[in-house]
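Computed from the coordinates by the stated procedures, all read-outs in this text should not be read as laboratory data. Every value quoted in this text rests on a predicted model; they were computed, and no experiment measured them. Backbone-built Cβ (ideal geometry, glycine too); neighbour counts: all protein chains shown.
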Ligand code: 0RQ
């Protein structure tokens, strides 16, 4: 048995994933660890999926309700979705199988802000949680748990669940001990108190997660890696978008609106944010800080280059090479990285206080600045709102970044009216595509239109957008936000009918 389980009583609870899965029954609500492919349990979900499939083969109903931190991996979302085992799920997901079960109507999906997911569980809004299933790198002699590559909602699920199952994963570095900061000051209103973080590097909690031993139903030993996905090489459009964003920050510094070393940075995951981080690496900026959700490769490069003093997040989202580097050097990185519960990494109070500057991806924006981050053509769920809303509404400056077209130019990312709204025109401040940047701060709806169309839309779609807007302005009785409601979604319906938003 692994020496990583130092507590004698807990060692008695080691069993196989199959035996642990036998505790779980139809209708149970399970809070799983895991955030953007890091730190999720790797064995129990597969064993549970097998059990669910066997029940279905006998003609019995068996689904569970799945709570997570954010997206997980094929071993968790994929395994449970592939046996139609997920009745309901929250929050963010990105697994292809899970996504397809949500979109074909098999599974319900409640897409809520990541900062609020744990909070609402504490508030009892989703009912009783039967099991928490989390991953640890080590259990101390006293029975304290050292978490792995994500914190996510682990603390809240362990706090509220009736029973806890812990997977101890020997692939994860034991040197992660000391990187986590598990804040324990959550009280329900009217007893909430301010969260005492005034700098991204502040530590306000404990490095261990404390779980009452009587709650621990099983411990499973595992050894598999996280779902670490390589980043694509940075393409031209991403480089251009990153260039516009960094020039914009530079100008904000010149205008005296942000300090020379910027303000704590938040960036979404993906190609464009990675290009932004690469741009920062090649800039002369120093003493940067980050208050964000996930640590990706570019931040590790910035730490290595001595440019990023501290990064606060809730999880890693690293490529395989960088995950290996983290496992080898966690003792160094823990002086520069803090992993917190997502209730804290994404907390509006702290984002507002620190003046975080954020940039997130989008699916589409409209000519007035409303943004859709989640639904393709109004109905098909892509991933979820994730932390984009937590940061966008509360950031000092919040930007949305996207190529101006999708699907080889058949879709314009700038449309007359978004087909689903995640971020209203009241929240986003800046929109950037490879065409340029629209700074919307302080502008009324009609003042935004020329900036968005001329600076951000693809030239193929600019005349169509201008034509729509000019006719809306002429024919709509009300001039504050003129629309032609009968036509506002014609771009989407044309795409669904003909395969392109372009007119013949
Ligand atoms: O689909 O791979 O099938 O071609 O959407 O698009 O351009 O690769 O961009 O990976 O950054 O994702 C909004 C989904 C963008 C992401 C979204 C299709 C496109 C492609 C991906 P294919 P790209 P990205 C904190 C922040 C919400 C959560 C968030 C996201 C696929 O950024 O999930 O912000 N955001 N979290 O073809 C139809 C359009 C489209 C479109 C793109 N207009 N119409 N399809 N696509 N635009 C981090 C976390 O919360 C973890």
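Structure data summary
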| quantity | calculated |
| --- | --- |
| Highest to lowest packing among 318-325, 370-377, 50-57, 64-71, scored as the average C-beta count within 10 Å | 64-71, 370-377, 318-325, 50-57 |
| Cα-based Rg / Dmax (Å) for the range 1-116 | 14.8, 47 |
| Compactness relative to 2.2 N^0.38 Å, alpha carbon Rg of the range 290-358 | 1.10 |
| Two-site label geometry, residue 60 and residue 100: point separation in nm, points 7 Å out along Cα→Cβ | 2.8 nm |
| Part-to-part distance (alpha-carbon centres) for the range 154-207 and the range 480-504, which is given in Å | 47 Å |
| Nearest 10 degrees, 0 to 90: helix 271-281 Cα axis against the chain principal axis | 90 degrees |
| Antiparallel content of DSSP bridges confined to the range 125-229, in %, to 5 | 30 percent |
| For the range 14-54 versus the range 241-313, the gap between their alpha-carbon centres in whole angstrom | 38 Å |
| Alpha-carbon gyration tensor eigenvalues x 5, square-rooted, for the range 276-414, Å | 29, 18, 15 |
| Once the Cα gyration tensor of the chain is diagonalised, semi-axes √(5λ) in Å | 40, 27, 19 |
| Degrees between helix 44-57 axis and first principal axis of the chain (Cα, 0 to 90, nearest 10) | 90 degrees |
| Descending semi-axes in whole angstrom, ellipsoid equivalent of the range 219-283, from the Cα gyration tensor | 32, 17, 8 |
| Helix-only [θ]222 nm of the chain, DSSP H runs n ≥ 4, -39500 (n - 2.57) each, per residue, nearest 500 | -8500 deg cm²/dmol |
| Rounded tilt (10° steps) of 236-254 against the dominant C-alpha axis of the chain | 80 degrees |
| Ascending count of other beta-carbon atoms within 10 Å, so fewest first, for 76, 485 | 485, 76 |
| Mean separation of Cα contacts under 8 Å, 6 or more apart, over the residue count of the chain: relative contact order % | 14 percent |
